[in-house]
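In what follows, a structure is listed as structure tokens, so that the remarks can point back to it.
The values are calculated or read from the model by the stated rules, or taken from the named source; none is laboratory data. It should be emphasised that the depicted structure is a prediction, and the values quoted were computed from it without experimental measurement. Note that each Cβ is placed from the backbone with ideal geometry, even for glycine, and that neighbours are counted across all protein chains shown.
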Amino acid sequence: GKAGRPVAIHNGVHDSNAALHAYRRQQLGSLTVVSTGTWVVVLNPDCPLDVLDRDRDMLVNVDVDGGPVPTIRFMGGREFAVISAGWQGAISPASIQRVIDAGIMALPSFAPGGPMPDRVGEVIGGA
């Protein structure tokens, strides 16, 4: 058959890794990037690799220069969706303060995986 046409391939970068790269370029010193969304991704280039536990969603990603980046992750967005049960509306600073004052806390895990895979999520505190 005919020879195929050349195709240009352009690499992309994940938003968490792009943020890490941008902050590193600012030469701020040691840093940790916390990127939130469906996944909460925490990148800490200074974390020793030997402390990572793959059973707790700790892994080594690769930065834009090919270097190792210790990473932990959990499905924070999904956890929020489970806890909020689809509730939509404004959250006032006063409402947030009432929750804090009442000692109400959500303890992991409401979604599978993450750093506490064997723990069943619960909301504690309050009157």
Options D50, D15; residue that is in contact (Cβ under 8 Å) with a residue 12 or more places away in the chain and among the charged types (D, E, K, R)
D15
Among what's in the range 72-105 and is surrounded by 15 or more Cβ atoms within 10 Å (Cβ to Cβ) and among the small types (G, A, S), pick the residue that is nearest to G37 (Cα to Cα).
G76
From I83, I96, which residue is in contact (Cβ under 8 Å) with a residue 12 or more places away in the chain, farther than 30 Å from P48 by Cα, part of a helix (DSSP H, G or I) and not assigned by TED's automatic domain parsing to the domain that holds D46?
I83
Within the range 103-112, does at least one residue satisfy the condition of being out of contact with any Lys or Arg (no Cβ under 7 Å at 6 or more places or on another chain) and hydroxyl-bearing (S, T, Y)?
no
Exception for T71 within (1) modelled with pLDDT under 95; (2) of a type outside the set (F, W, Y); (3) outside any helix (DSSP H, G or I); (4) over 23 Å from V123 (Cβ atoms) falls at (1)
Somewhere in the range 110-118, is a residue among the charged types (D, E, K, R), in contact (Cβ under 8 Å) with a residue 12 or more places away in the chain and under 28 Å from D50 (Cα atoms)?
no
Among the candidates A111, A106, residue that is under 19 Å from the mean Cα position of the chain (by Cα), part of a strand (DSSP E or B) and modelled with pLDDT under 95:
A106
Considering each residue of the range 47-66, count those that are over 16 Å from P117 (Cα atoms) and either surrounded by 14 or more Cβ atoms within 10 Å (Cβ to Cβ) or at pLDDT below 95 (or both), and give that number.
7
